[in-house]
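Colleague: Attaching a single structure in structure tokens format; questions to follow.
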Amino acid sequence: MARRAPAGLGKSGRALWAGTMRDYELSAPETALLTEACRTADRLAAIAEALDGAELVVSGSTGQPKAHPLLASAALQVTALDTLVRGLGLPVGEETAGRRRSAPARDAALARWGRNGAA
């Protein structure tokens, strides 16, 4: 499987690609998901750069205050990135491959049992 990052990725996308490919051997469908995750990471970085120093509340068409339109775009990209990364099904932290829990389930287990498995 190709280990080289797809052409056109920015700094954030290349970093995500390199870190993932260093630690995991991905199938072709997983590589496609990772590619989209990397592109999404680049879009998030571009949005963050555009919002850096910008007013978060802007004037709407009739002068009313409204949230900067890029805030909604950022939220959509975060959701997309989360969906793509979850689709890869890679283990997180101490989890092992094939035994990944949802984030709420993992948090609940850690809250109940702690990190050492004792209540």
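Colleague: Scan the range 61-70 and tell me whether some residue there is assigned to a helix (DSSP H, G or I) and of a type outside the set (Asp, Glu). Spell out the reasoning first.
Modeller: Keep residues of the range 61-70 that are assigned to a helix (DSSP H, G or I), which gives 69-70.
Adding the requirement that they be of a type outside the set (Asp, Glu) leaves 69-70.
Yes; the residues of the range 61-70 include at least one that is assigned to a helix (DSSP H, G or I) and of a type outside the set (Asp, Glu).
Colleague: Another question, then. Of all residues being charged (D, E, K, R) and without any contact (Cβ under 8 Å) to a residue 40 or more places away in the chain in the range 24-46, which is surrounded by the fewest Cβ atoms within 10 Å (Cβ to Cβ)? Just the residue, please. Outline the logic, then answer.
Modeller: Taking the range 24-46 and keeping what is charged (D, E, K, R), we get 25, 30, 36, 39, 42-43.
So of that shortlist, the ones also without any contact (Cβ under 8 Å) to a residue 40 or more places away in the chain come out as 25, 39, 42-43.
Details: 25: 8, 39: 21, 42: 20, 43: 19.
Selected residue: 25.
Colleague: Kindly check whether there is at least one residue in the range 73-86 that is at pLDDT below 95 and basic (Lys, Arg).
Modeller: There is at least one residue in the range 73-86 that is at pLDDT below 95 and basic (Lys, Arg).
Colleague: Quick one: would you say residue 49 is free of Cβ contacts under 8 Å to residues at least 60 places away in the same chain, more than 13 Å from the chain's Cα centre (by Cα) and surrounded by fewer than 13 Cβ atoms within 10 Å (Cβ to Cβ)?
Modeller: Details: free of Cβ contacts under 8 Å to residues at least 60 places away in the same chain: yes; more than 13 Å from the chain's Cα centre (by Cα): yes; surrounded by fewer than 13 Cβ atoms within 10 Å (Cβ to Cβ): yes.
Yes: the conditions hold for residue 49.
Colleague: Identify, by number, the condition in (1) in contact with a strand residue (DSSP E or B) (Cβ under 9 Å, 6 or more places away or on another chain); (2) modelled with pLDDT of 95 or more that residue 56 doesn't meet.
Modeller: Result: residue 56 passes all but (2).
The values are calculated or read from the model by the stated rules, or taken from the named source; none is laboratory data. Computed from a predicted structure; not experimentally measured. Glycine also receives a Cβ, built like all others from the backbone with ideal geometry; neighbour counts cover every protein chain displayed.
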